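First the structure, in the form of structure tokens, and then the observations on it.
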Amino acid sequence: MPYMVAIRTTIDDKSILCGGSLITNSLVLTAARCVSGAAEAEITLENVNIVDIPTLRDITKSYDEELGIVAGWGKARDTDSTTSSVLRSIGTTIIPTLACEIGYLFSISTSQICTSGSNKQNICLGDAGSPLVVNGVQVGIASFGSGFGCEVGLPGVYTRMTSYLTWLYIGIETYGEKS
């Protein structure tokens, strides 16, 4: 995952680890909660390469039943006392919104996308902000998994990239070029 970025911040005296993705030579995309309120952030890049982002023609694509990859430095198991020191990845399947809502018993927004929690593998503590990638294109940003743990089989929930394409392209135009 050459586009992966580790982000370490301190917010309210708590050390936070998140994932992120390199979307231009100078822009990193992550979850807002990973950096909101942080005075500074330490960013680690290795074997840098830029991940593709959806185009405007992808705006109505559901991605249901497509295979994706999510990577991060989050905990591998609920029983782990610390996050991973090595980048880990899992293959996962994007599921319909209704299946996600049944798992959580609450509504999932159209600006979110869900992945199967089958095989008891899912995003976990430390994976927030990590990219969900389908066929080399980032389609989501890790938002949350089950509050009961990452091995309980509930879906992973991500921010849907296509819901924020206008904002994203304005940011790229303003702050850094896509190459």
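Which condition from (1) modelled with pLDDT under 95; (2) not in a loop (DSSP other than H, G, I, E, B) is the one that Ile141 breaks?
So Ile141 meets the others, but not (1).
So which residues in the stretch 22-41 are in a loop (DSSP other than H, G, I, E, B), of a type in the set (A, V, I, L, M, F, W, C) and closer than 17 Å to Tyr169 by Cβ?
Passing the criteria: Ile23, Leu27.
Say we look at the stretch 71-97 and pick out the residues that are among the charged types (D, E, K, R) and assigned to a loop (DSSP other than H, G, I, E, B); which of these is nearest to Ser15 (Cα to Cα)?
For the stretch 71-97, the residue satisfying everything is Lys75.
Could you list all residues from the stretch 146-179 that are among the small types (Gly, Ala, Ser), surrounded by 14 or more Cβ atoms within 10 Å (Cβ to Cβ) and either at pLDDT below 90 or more than 11 Å from Ser111 (Cα to Cα) (or both)?
Ser146, Gly149, Gly153, Gly156, Gly171, Gly176
State all residues of the stretch 160-179 that are of a type in the set (S, T, N, Q), in contact (Cβ under 8 Å) with a residue 24 or more places away in the chain and out of contact with any helix residue (DSSP H, G or I) (no Cβ under 9 Å at 6 or more places or on another chain); if no residue qualifies, say none.
Ser163, Ser179
Looking for something of a type outside the set (Ser, Thr, Tyr), outside any strand (DSSP E or B), modelled with pLDDT of 85 or more and crowded, with 17+ Cβ neighbours inside 10 Å - is there at least one such residue anywhere in the stretch 55-70?
Looking for residues that are of a type outside the set (Ser, Thr, Tyr), outside any strand (DSSP E or B), modelled with pLDDT of 85 or more and crowded, with 17+ Cβ neighbours inside 10 Å, one finds none in the stretch 55-70, hence no.
Out of the stretch 157-172, which residues are hydroxyl-bearing (Ser, Thr, Tyr) and more than 13 Å from Asp52 (Cα to Cα)?
Tyr158, Thr159, Ser163, Tyr164, Thr166
Condition first: among the hydroxyl-bearing types (Ser, Thr, Tyr), more than 21 Å from Asp58 (Cβ to Cβ) and either within 15 Å of the chain's Cα centre (by Cα) or in a loop (DSSP other than H, G, I, E, B) (or both). Now tell me which residues in the stretch 98-115 satisfy that.
The one that is among the hydroxyl-bearing types (Ser, Thr, Tyr), more than 21 Å from Asp58 (Cβ to Cβ) and either within 15 Å of the chain's Cα centre (by Cα) or in a loop (DSSP other than H, G, I, E, B) (or both): Ser107.
Filtering the stretch 110-136 down to residues that are at pLDDT 90 or above and at positive phi, which residue is surrounded by the fewest Cβ atoms within 10 Å (Cβ to Cβ)?
Gly136
Being crowded, with 17+ Cβ neighbours inside 10 Å, closer than 18 Å to Tyr3 by Cβ and either free of Cβ contacts under 8 Å to residues at least 60 places away in the same chain or touching a Leu at 6+ places or on another chain (Cβ under 8 Å) (or both) narrows it down to one residue among Val139, Val86; which is it?
Val139
The values are calculated or read from the model by the stated rules, or taken from the named source; none is laboratory data. Everything numeric here is computed off the predicted structure, so don't read it as measured data. Neighbour counts are summed over all protein chains in view; Cβ atoms, including those assigned to glycine, are modelled from backbone coordinates with ideal geometry.
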